[in-house]
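Engineer: Before I ask anything, let me first share the structure, which is written out below as structure tokens.
The values are calculated or read from the model by the stated rules, or taken from the named source; none is laboratory data. Worth saying up front: this structure is predicted, and the values here are computed from it rather than measured. We place every Cβ from the backbone using ideal geometry, glycine too, and count neighbours over all the protein chains shown. All accessible areas refer to the heavy atoms of the entire protein, side chains included, with ligands and DNA or RNA removed. Shrake-Rupley method; radii C 1.70, N 1.55, O 1.52, S 1.80 Å.
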Amino acid sequence: MSNGEGTPVWFELTTPDQDASQSFYEHVAGWTVAASPMAEHGGYRVASAPDGAQVAGLMTPPPGISMHGWALYFGTADVDAAAARVKELGGTIYFGPMDIPHVGRFATVADPQGIVFNMMTGSSPEGSQAFATAPGGLGHGVWVELATPDPDKAFAFYGKMFGWEKTGAMPMGEAGDYAFIGKGESFRPGAVMSSATTGAAARWNWYVHVADIDAAITAAKAHGGALLQGPDPIPGGDYSANVSDAHGCQIGLVGPRK
């Protein structure tokens, strides 16, 4: 996999109802969702953006597990070495590393603040296109966001994991800084903020690019979801919002108002 270290490479929804979730996200994000052609993937569904790139997966929880929500995968050249590094830096390994047939090798881990994420070493030499690093990319991920009890410790951890740096910040008054993460001038995928001061749930969130943010919000409400935040103006002329789907799973939206 040719993606740079720490690039978001996949987004995955665990849902109690794949059919309802498929309908929701096809209308809100503009995806086309279809069953994986690999029988070994056990009913896994794959969401493709309008340009045909695969960006996300939908799955039901394993037997006996009721949790649901979105999970993020970050690319790494060697997931086994990266998992060992997580443990050395005070994090936790929950699952793996293990192989996914025809996809790659992954591990589910948590940072020292207990926030869960996944790491992936893909089996294909071609890079993932799930995250759009250039303008455009309807239906692709365009931003990731970490809400954490301790932003300074988060920067220290992810800096050692993926080489990320603090590349600037937007002051939010008593809520603290909305601090941008990046690596050089060409890779700035998201931001870190304090969950303690903002009241946001401590978690990784991600944002999908939509053609019309008001239409996407309307579609979310029409399919059992709710508007949680926004739409708010962001630098560059677009707007951001957060919605929940019919099962309470949160996702961010970025797009223009028409």
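Listed here are the residues, each with its yes/no results for (1) open to solvent by less than 30 Å² (accessible area, probe 1.4 Å); (2) over 24 Å from Ala20 (Cα atoms); (3) touching a residue at least 12 places away in the same chain (Cβ under 8 Å).
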position	(1), (2), (3)
Asp212	no, no, yes
Ile217	yes, no, yes
His223	no, no, yes
Tyr239	no, yes, yes
His247	no, no, yes
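Engineer: Please indicate, with yes or no, whether at least one residue in segment 197-204 is closer than 26 Å to Phe24 by Cβ and open to solvent by less than 50 Å² (accessible area, probe 1.4 Å).
Structural biologist: yes
Engineer: Those residues that are over 15 Å from Phe74 (Cβ atoms) and assigned to a strand (DSSP E or B), I need them from segment 96-113; list them, please.
Structural biologist: Answer for segment 96-113, where residues must be over 15 Å from Phe74 (Cβ atoms) and assigned to a strand (DSSP E or B): Met98, Asp99, Ile100.
Engineer: Filter segment 109-135 down to residues that are open to solvent by 20 Å² or more (accessible area, probe 1.4 Å) and at pLDDT 95 or above and give me whichever is nearest to the chain's Cα centre (by Cα).
Structural biologist: Looking at the filtered set, the residue picked out is Val116.
Engineer: Moving to a separate point now. Check segment 93-106 and report whether any residue there is of a type in the set (Phe, Trp, Tyr), surrounded by 18 or more Cβ atoms within 10 Å (Cβ to Cβ), closer than 23 Å to Ala156 by Cα and touching a residue at least 60 places away in the same chain (Cβ under 8 Å).
Structural biologist: So far as segment 93-106 goes, no, none of its residues is of a type in the set (Phe, Trp, Tyr), surrounded by 18 or more Cβ atoms within 10 Å (Cβ to Cβ), closer than 23 Å to Ala156 by Cα and touching a residue at least 60 places away in the same chain (Cβ under 8 Å).
Engineer: Taking segment 167-182 on its own, how many of its residues are farther than 20 Å from Ala110 by Cβ, in a strand (DSSP E or B) and in contact (Cβ under 8 Å) with a residue 24 or more places away in the chain? Before you say what the answer is, go through the steps one by one.
Structural biologist: Going through segment 167-182, the residues farther than 20 Å from Ala110 by Cβ turn out to be 167-180, 182.
Applying the additional criterion that residues be in a strand (DSSP E or B) yields 167-171, 177-180, 182.
Add one more test, that the residue is in contact (Cβ under 8 Å) with a residue 24 or more places away in the chain, and what stays is 177, 179.
Adding up the residues that qualify gives 2.
Engineer: Next up: Which residue out of Trp143, Trp70 is open to solvent by 40 Å² or more (accessible area, probe 1.4 Å), part of a strand (DSSP E or B), within 13 Å of Pro8 (Cβ to Cβ) and in contact (Cβ under 8 Å) with a residue 40 or more places away in the chain?
Structural biologist: Trp143
Engineer: If you scan segment 183-210, which residues turn out to be aromatic (Phe, Trp, Tyr) and without any contact (Cβ under 8 Å) to a residue 24 or more places away in the chain?
Structural biologist: none
Engineer: Pull out all pairs, ordered by first then second residue, where Cβ-Cβ is under 9 Å, the residues are six or more apart or on different chains, the first lies in segment 149-165 and is without any contact (Cβ under 8 Å) to a residue 12 or more places away in the chain and of a type outside the set (A, V, I, L, M), and the second is part of a strand (DSSP E or B) and open to solvent by 20 Å² or more (accessible area, probe 1.4 Å).
Structural biologist: Close Cβ pairs satisfying both conditions: Gly159/Glu165; Gly159/Lys166.
Engineer: Right, here's the next one. Return the residues of segment 146-188 that are of a type in the set (S, T, N, Q) and open to solvent by 50 Å² or more (accessible area, probe 1.4 Å); say none if nothing qualifies.
Structural biologist: Answer for segment 146-188, where residues must be of a type in the set (S, T, N, Q) and open to solvent by 50 Å² or more (accessible area, probe 1.4 Å): just Ser186.
Engineer: Among Gln18, Gln22, which is surrounded by fewer than 21 Cβ atoms within 10 Å (Cβ to Cβ) and more than 26 Å from Asp214 (Cβ to Cβ)? Walk me through how you get there before you give the answer.
Structural biologist: On the way: Gln22 fails: more than 26 Å from Asp214 (Cβ to Cβ).
After applying the criteria, what remains is Gln18.
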